[in-house]
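The values are calculated or read from the model by the stated rules, or taken from the named source; none is laboratory data. Computed from a predicted structure; not experimentally measured. Virtual Cβ from ideal backbone geometry, glycine too; neighbours counted across all protein chains shown.
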Amino acid sequence: MQRIDVAISLFAVMLLPSAALALDATHGTTSTQVSGISTGVIAPKIVNDGQLARRINTLTQTFPTVDEVLLTLQVDEKGQAKNVQIVKSVNPYLDAHVVEAVRQAHFQPATLNNRAISIDMDLTISLHP
């Protein structure tokens with residue numbers, strides 16, 4: 001009985017590398033070619049946050065509230081906000097105005113290896129009068 005267990009264990013060990021290779025092949029990661037070393041992704045930044053802050057302050061003066069609106073958006077290679085969506089809502093009116101203000105904001109785009117890239121990000125806008 002011990003011989004069978006050992007044989008099955010050895011057979012399983014021989015199959016592991018091929019199973020791992022098959023798994024990697026389904027994910028497209030079997031290439032051993034090394035590309036350039038990355039400097040890492042540098043996150044996007046709002047270029048003129050004073051303008052965005054003024055718009056948000058105008059909203060909170062009209063509708064006094066203390067809360068946060070959580071957004072998800074994509075900042076493209078040109079620094080434009082795209083696909084702005086509400087994740088945490090305050091109310092539909094304020095949400096719509098916050099989304100519009102963020103769409104009009106300009107960002108310094110994210111970079112990878114010193115090149116501008118499009119990236120998804122979360123953004124929290126704090127509302128307070």
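Key figures
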quantity: Filter result (at pLDDT below 95 and either outside any strand (DSSP E or B) or more than 23 Å from residue 47 (Cβ to Cβ) (or both)) within the stretch 63-78; calculated: 63, 64, 65, 66, 67
quantity: Residues of the stretch 79-89 classified as under 13 Å from residue 126 (Cα atoms) and outside any strand (DSSP E or B), total; calculated: 1
quantity: Filter result (surrounded by 14 or more Cβ atoms within 10 Å (Cβ to Cβ) and either part of a strand (DSSP E or B) or outside the structural domain of residue 75 (by TED's automatic domain parsing) (or both)) within the stretch 113-129; calculated: 116, 117, 119, 121, 123, 125, 127
